[in-house]
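Okay, structure first, notes after.
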Amino acid sequence: MRGQATSRALCAAGATMLIAVAGCAPDRSGPPGSATAVENAAIVPEFIPGRCSISVGGQADLRFTVTNHRSSGIERLLEVSTAAADAVQYAPVDPVEIAPGTSVAFGQRQGKPAIELEGLTADARPGTSVVVTFGFERLGDLDIRVPIEECRAQA
């Protein structure tokens, strides 16, 4: 009996460690073994000084990072779409190239590529997630659930 209790305790400890380690993994979406990944995607409510809002018909930024894990060959992000918005606006409007072994962050800083969702639908509510389709030249379409951030308290 004592051996069974020890085995159960070791299994429980191992399961706890596995959960802790799994929680530290980056938020990466793509087919297993894929050479292209979309990471840390989030829809960010519009901030107007003094308030933060996301509303039907409004707009929000889409932030994410694309990584090309290939050792050779450029990947291109051709389009982004979602049923949670009437339109998706890009800056720049041309496909964005991701060189081998590099990443491109979207919506992170001024002067970097940006994507804005316009005409949000009723499905776009803070604390939920919506499906966003990322269209790549080499990988093809990648559908992932993207969380919509809650409005943060402003100091």
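Here, each number is a calculation from the coordinates, and none is a lab measurement. Note that the structure is predicted; figures quoted are calculated from it, not measured. Counting neighbours? That spans all protein chains shown, and the Cβs are built from the backbone with ideal geometry, glycine included.
Each Lys or Arg adds one and each Asp or Glu takes one away; over the other residues whose Cβ falls under 12 Å from the Cβ of PRO100, this sums to 0. Stretched out straight at 0.36 nm per residue, the stretch from GLU149 to GLU118 would grow longer than its current Cα-Cα span by 9.5 nm. Computed extension gain for ASN40 through ILE74, at 0.36 nm per residue and net of the alpha carbon distance, reaches 10.1 nm. Computed over the Cα atoms of the stretch 29-147, what is the convex hull's projected area averaged over all directions, in nm²? If I average the Cα hull's projected area over directions, I get 7.3 nm².
Computed over neighbours whose Cβ is under 10 Å from that of ARG138, the net charge equals 0, Lys and Arg +1, Asp and Glu -1. Charge tally around ALA83: other residues with Cβ under 15 Å, Lys/Arg +1 each, Asp/Glu -1 each, net -4.
Highest mean packing first, where packing is the average number of other Cβ atoms within 10 Å per residue, the peptides 114-124, 59-69 line up as 59-69, 114-124.
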